[in-house]
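See below for the structure under consideration.
What follows draws every value from the coordinates through simple rules; no lab data is involved. Predicted model, so just to flag it, every value in this text is computed and none were measured. Glycine gets a Cβ as well: all are built from the backbone with ideal geometry, and neighbour counts include every protein chain shown.
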């Protein structure tokens with residue numbers, strides 16, 4: 001299982017890098033949109049795979065690999081916190097507050113929506 005977590009982690013990191021490059025080239029760096037979008041996608045996906053693991057316990061090992069490896073490397077919590085701290089350091093308090101609030105609230109919402117929608121589909 002550790003091998004598959006490592007392989008899926010590599011895939012998640014590469015996906016994150018490519019998506020970050022794409023979104024940053026389109027939206028710029030004035031606000032960390034790419035990190036926000038990547039984290040929200042990751043939140044939605046973790047809800048989806050959590051629901052799949054609940055509905056199909058026989059696939060729980062695959063779900064663990066996906067959540068731990070792929071999504072663990074894809075989401076960017078450490079980048080999120082660094083960007084937040086840098087906003088505070090630069091005295092961009094409104095942006096920092098908006099960023100952390102939107103990230104946490106929408107992240108929780110996306111996780112819940114992904115989970116609930118998947119349960120409805122399954």
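Values for this structure:
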{"read-out": "Taking the C-alpha atoms of the range 56-97, convex hull volume expressed per residue in Å³", "value": "69 Å³"}
{"read-out": "Stretch gain in nm, segment residue 102-residue 77, where the contour uses 0.36 nm per residue and the Cα spacing is subtracted", "value": "7.6 nm"}
{"read-out": "Nitroxide proxy distance, nm - points 7 Å out along Cα→Cβ at residue 6 and residue 22", "value": "2.8 nm"}
{"read-out": "Value of relative contact order over the chain, rounded to a whole percent, pairs C-alpha under 8 Å and six or more apart", "value": "40 percent"}
{"read-out": "Descending Cα extents along the principal axes, the range 1-70, whole Å", "value": "44, 24, 11"}
{"read-out": "Ranked packing of 45-52, 73-80, 58-65, most packed first, by mean Cβ within 10 Å", "value": "45-52, 73-80, 58-65"}
{"read-out": "The range 36-122 - Debye-derived log10 I(q)/I(0), Cα point model, q = 0.18, 0.23 Å⁻¹", "value": "-0.76, -1.03"}
{"read-out": "Estimated distance in nm for a label pair at residue 116 and residue 61, the labels positioned 7 Å out from Cα along Cα-to-Cβ", "value": "3.4 nm"}
